[in-house]
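Asks: Below is the structure I would like to discuss, written out as structure tokens.
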Amino acid sequence: MTQNSAPTNIIRPDELMEELGIKKDAYYKDLNYLDITPEKDSEGKAYLFEEQADEIRALRNHVNETGKRNGFDNSSLVKVDDSNKLISNNNEIEEDIYINREEPTDKINSDIFREAEELAARGMAMNDLVKIQLASQMNFDDLSPDLQEKINIAREVANPKFRPADIATQLLAQHRTQKVQTQG
């Protein structure tokens, strides 16, 4: 390490905040919650080791899922050392990460096909969903003239306009026909 350098495998706070889309306030609250103290290089610039940044990333994922820091358990974080062995937080070697004891498809979620079907169905239905939203936001003036005419015809059929004189003439004609039939 040179005089004005920092170790490798580090990340600067600004880089991590930008990556996570958080401001300094959230960053420092995360550091405090995880009891992490950033290191400083020979120039006094703060940095985190990659493992510390991973802890903050995991905490951010938890916050994004739950909306709070409480309940975050960093003991479930898995680390890999230089020997490519999985190391739990209690530093016990668990297994070589490059040895697959199972078929690769064994770990695929059994719901993956259902989720793929739902995604495909949503894609297929998207045009119709957009049409429904467009239609729900349109009014009469948004329609083309031929469709406005169809609406007007439907309204006239549904709400016929009778003139009182026509109704009176029709009723009188019915009455006269009934009167003739009863007399005859």
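The values are calculated or read from the model by the stated rules, or taken from the named source; none is laboratory data. Please read all numbers here as calculations on a predicted model, not as lab measurements. Glycine gets a Cβ as well: all are built from the backbone with ideal geometry, and neighbour counts include every protein chain shown. Surface areas here come from the heavy atoms of the whole protein model, side chains and all, with no ligands, DNA or RNA. Shrake-Rupley method; radii C 1.70, N 1.55, O 1.52, S 1.80 Å.
Asks: Within the stretch 112-184, list the trypsin sites (Lys or Arg not before Pro) lying in a DSSP loop whose Cβ has at most 15 other Cβ atoms in a 10 Å radius.
Replies: Lys161
Asks: Among the listed pairs Lys23/Lys68; Lys24/Lys68; Lys24/Lys45; Lys45/Lys68, which are separated by more than 27 Å between their Cα atoms?
Replies: Beyond 27 Å between Cα atoms: Lys45/Lys68.
Asks: Here is a further query. Over the stretch 121-184, give the accessible area per residue in Å² for a 1.4 Å probe, as an integer.
Replies: Averaged over the residues of the stretch 121-184, the accessible area is 95 Å².
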